[in-house]
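**Q** Please read through the structure below; I'll follow up with questions.
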Amino acid sequence: MALIVQKYGGTSVGSVERIEHVADKVSAFRAKGHEVVVVVSAMSGETNRLLALAQEIDPQPEGRELDVLLSTGEQVTIALLAMALKKRGVAARSFTGGQVHIRTDNAHNKARIVDIDRQRVSAVLEAGEVVVVAGFQGVDEDGNITTLGRGGSDTTAVALAAALEADECQIYTDVDGVYTTDPRVEPKARRLERITFEEMLEMASLGSKVLQIRAVEFAGKYNVPLRVLSSFDDDMDGQTGTLISYEEEGMEQALISGIAFNKDEAKLTVLGVPDHPGVAHQILGPVGAANIEVDMIIQNVGADGTTDFTFTVHRNDFARAKEVLERVAEELGAREVSADDKIVKISLVGVGMRSHAGIASQMFEILASEGINIRMISTSEIKVSVVVDEKYLELGVRALHSGFGLEQSIELTQ
Ligand code: ADP
Ligand code: ASP
Ligand code: MG
């Protein structure tokens with residue numbers, strides 16, 4: 001008998017039929033004697049619908065009220081799933097985040113979980129019931145409802161698994177695992193049997209939305225065995241999909257584990273900035289003060305006493321960042337600001353890169369052979385990222401996927 005936390009995403013609970021299917025899956029686990037905590041998302045499209053409603057009233061609605069609204073999506077699905085379980089004779093009870101004391105900080109719309117009181121959930125499990133918890137939500141110290149950012153139900157599940165010391169956290173979604181890249185962009189993508197926390201964290205932070213970054217962080221920190229698998233197939237064992245775990249001695253090591261991409265970024269450049277100490281701070285200081293997060297940063301080698309300074313931000317912040325930058329450029333006496341929100345970032349990720357030189361140049365060669373111009377480059381120990389024009393997203397991802405032979409298994413045994 002094991003204690004399992006299962007999370008079902010929006011598409012997996014997108015209709016009454018699908019909720020009934022989830023109930024079948026949960027009952028099968030119960031029938032085997034496992035204790036089950038289920039975390040659910042809102043029905044697919046619901047969070048977007050609620051967000052659009054709010055924005056009809058105010059394009060920048062207050063965070064607190066927005067959270068009260070957005071959290072309702074998950075309240076619908078917990079109740080429906082609990083009903084479907086009871087109909088099958090499975091004892092179950094639904095709970096909002098607040099009811100199981102998922103306490104967060106007060107950063108509305110992107111709150112972080114700070115504490116979970118395991119007593120409440122444990123008591124219900126001990127009474128032999130399935131605990132159905134609303135994902136994506138919590139309450140702050142003052143009892144205000146908070147939400148955890150898009151995709152946050154993954155984090156609710158992992159945090160509950162960590163707090164309860166569950167044997168496994170299973171993330172059921174509309175794909176049957178983590179693939180070498182998003183199968184919607186490259187249908188030849190291959191499912192990975194295993195991936196390390198480190199690689200998954202890199203993939204998630206570079207744009208692979210299959211798991212929320214914080215969920216992977218949490219799972220790594222508390223060593224929660226995490227598995228991504230399909231909610232649609234009839235496998236009732238929970239042994240398929242992709243296992244995310246620490247690297248183990250003798251584990252087969254792929255050179256590149258995957259390709260991530262991020263369509264949510266935009267690029268800004270200040271051209272002809274006087275090249276003297278403090279310039280980077282004078283440019284990025286006001287951007288930071290406007291609460292805009294910066295991702296990649298490049299400063300060119302100075303020539304003729306001036307330099308160019310480029311950085312990327314989230315597309316949602318593009319207009320505001322441009323405004324700030326135009327003001328700063330004028331103050332600094334820079335030549336001009338150029339801004340482009342039609343870009344994407346494509347990244348190669350793999351722990352095997354550490355011991356293999358030449359991956360970056362191979363990547364550049366593949367992109368060049370497709371006539372794709374690289375606008376920015378950044379590297380770290382286990383990833384290489386490039387920024388290219390948005391129109392090259394599919395071409396770039398597919399060329400790299402086949403160029404690095406990712407559709408076949410090219411695992412090297414160490
Ligand atoms: P859920 O609603 O279940 O949380 P998401 O839409 O958040 O589902 O995540 C699943 C989606 O993630 C898939 O449909 C797929 O298009 C996308 N995705 C992006 N990168 C990957 C990847 N490397 N492997 C698998 N899926 C990926
Ligand atoms: N319903 C939320 C969203 O759409 C949370 C989640 O699905 O994980 O982002
Ligand atoms: Mg998700």
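Read-outs: derived from the displayed coordinates by stated rules, not from any lab. Quick caveat: nothing in here was measured; it's all calculated off a predicted structure. Methodologically, a virtual Cβ is constructed for each residue, glycine included, from the backbone with ideal geometry; neighbour enumeration extends over all protein chains shown.
**Q** Using 0.36 nm times the number of residues separating E126 and R335, minus their current alpha carbon distance, what extension gain do you get?
**A** Full extension of this stretch gives 68.4 nm more.
**Q** If each residue of separation counts as 0.36 nm, what is the full-extension length gain between H314 and E390 once their alpha-carbon separation is subtracted?
**A** Extra length available between H314 and E390 comes to 25.9 nm.
**Q** Counting residues in the chain as N, plug N into 2.2 N^0.38 Å and put the Cα Rg over that result.
**A** 1.06
**Q** Oh, and also: What are the lysines whose alpha-carbon lies under 22 Å from the alpha-carbon of K267, with same-chain residues fewer than 8 places away excluded?
**A** K209, K322, K342, K345, K383, K391
**Q** Here's another thing I want to ask about it. In a Gaussian network model over the chain where Cα atoms closer than 10 Å are linked, find which of R375, R118, R191 has the largest mean-square fluctuation.
**A** Taking springs between Cα atoms under 10 Å, the residue moving most is R375.
**Q** Give me the extension gain from I297 to R327: residue separation times 0.36 nm, minus the current Cα-Cα distance, reported in nm with one decimal.
**A** Here the answer is 8.9 nm.
**Q** Using a basic spin-label model with each label point 7 Å from the Cα along Cα→Cβ, how many nm lie between R184 and K342?
**A** Inter-label distance under the simple model: 2.2 nm.
**Q** Provide the FRET efficiency to the nearest 0.05 for the F232-A289 pair, computing r from the beta carbons and using R0 = 51 Å.
**A** The pair F232/A289 has a calculated efficiency of 0.65.
**Q** Once region 143-285 is represented by equal point scatterers at the alpha-carbon sites, with solvent omitted, what log10 I(q)/I(0) does the Debye formula produce at q = 0.14, 0.16, 0.18 Å⁻¹?
**A** Log10 of I(q)/I(0), two decimals: -0.73, -0.87, -1.03.
**Q** How large is the convex hull of the Cα atoms of region 77-180 per residue, expressed in Å³ as a whole number?
**A** It comes to 121 Å³ per residue, whole-number rounded.
**Q** Let me ask something else. Straight-line reach only, C-alpha to C-alpha below 18 angstrom: list the lysines that K221 could link to, leaving out same-chain residues fewer than 8 apart.
**A** none
**Q** With r defined as the distance between the Cβ atoms of R49 and Y222 and R0 fixed at 25 Å, what FRET efficiency is calculated, to the nearest 0.05?
**A** So the FRET efficiency works out to roughly 0.15.
**Q** Moving to a separate point now. What's the FRET efficiency of H281 with D117 using the Cβ-Cβ distance as r and R₀ = 41 Å, to the nearest 0.05?
**A** Given R0 = 41 Å and the Cβ-Cβ separation, E is 0.45.
**Q** Tell me which lysines have Cα within less than 22 Å of K87's Cα, excluding those fewer than 8 residues away on the same chain?
**A** K7, K25, K32
**Q** Ok, one more. Considering the dipole of region 38-101 built from charges on the beta carbon (Lys and Arg +1, Asp and Glu -1) around the Cα centre, which of T47, A82, L70 is farthest to its positive end?
**A** After comparing all options, I get A82.
**Q** Also: Once each part is reduced to its C-alpha centroid, what is the distance from region 184-250 to region 349-414 in angstrom?
**A** 20
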